[in-house]
1. For Ser61 and Tyr48 in one chain, what is 0.36 nm times their gap in residues minus the Cα-Cα distance, to one decimal in nm?
2. When only alpha-carbon atoms are used, what values of Rg and Dmax, in angstrom, describe the chain?
3. Excluding residues on the same chain fewer than 8 positions from Lys85, give the lysines whose Cα lies under 19 Å from its Cα.
4. Where in the range 43-66 does the amide nitrogen come within less than 19 Å of the point 7 Å from the Cα of Ala114, taken along Cα to Cβ?
Amino acid sequence: MHIPKKYLHDRVVLLLVSISTFLTFMCVALVLLRAGIGQGVDGYIVQYRANLGLSAFQKGSIIPILSFIFFVLVTLIINVLLSIKTYSIRRTLSLTVLALGTLISLLSIIVSNALLALY
């Protein structure tokens, strides 16, 4: 894949890629640190179903929690590749893709911490 020379020299693009990369590694570190504590025999809370009433919290294994790591890594890779491809077409589209990827990484941090904070 050819990376446009202007893409590597654009400061806003590099800032957004850096922020997104930082948030991705922060999410990976937080999930690994919080999940490493262990939840005993009950497991982890992996879902919240508001329509179930008292049993709204669904418990599960560590696999759905670790899928947050896979999700943010794949999201980072896809967003950067899409922004590289769309940069030659339109710069603002590329910046929008990177900004939305940053938002998705931030929301992943919030959701994973919310699930791991519940015992």
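Values in this text are rule-based calculations from the coordinates and carry no lab data. Treat the numbers as computed from the prediction; the structure is a model and nothing was measured. Cβ sites come from the backbone with ideal geometry, for glycine too, and all protein chains shown count toward neighbours.
1. 3.2 nm
2. Rg then Dmax for the chain, in Å: 17.6, 57.
3. Once the sequence-local lysines are set aside, what remains near Lys85 is Lys5, Lys6.
4. Correct set: 44-60, 64-66.
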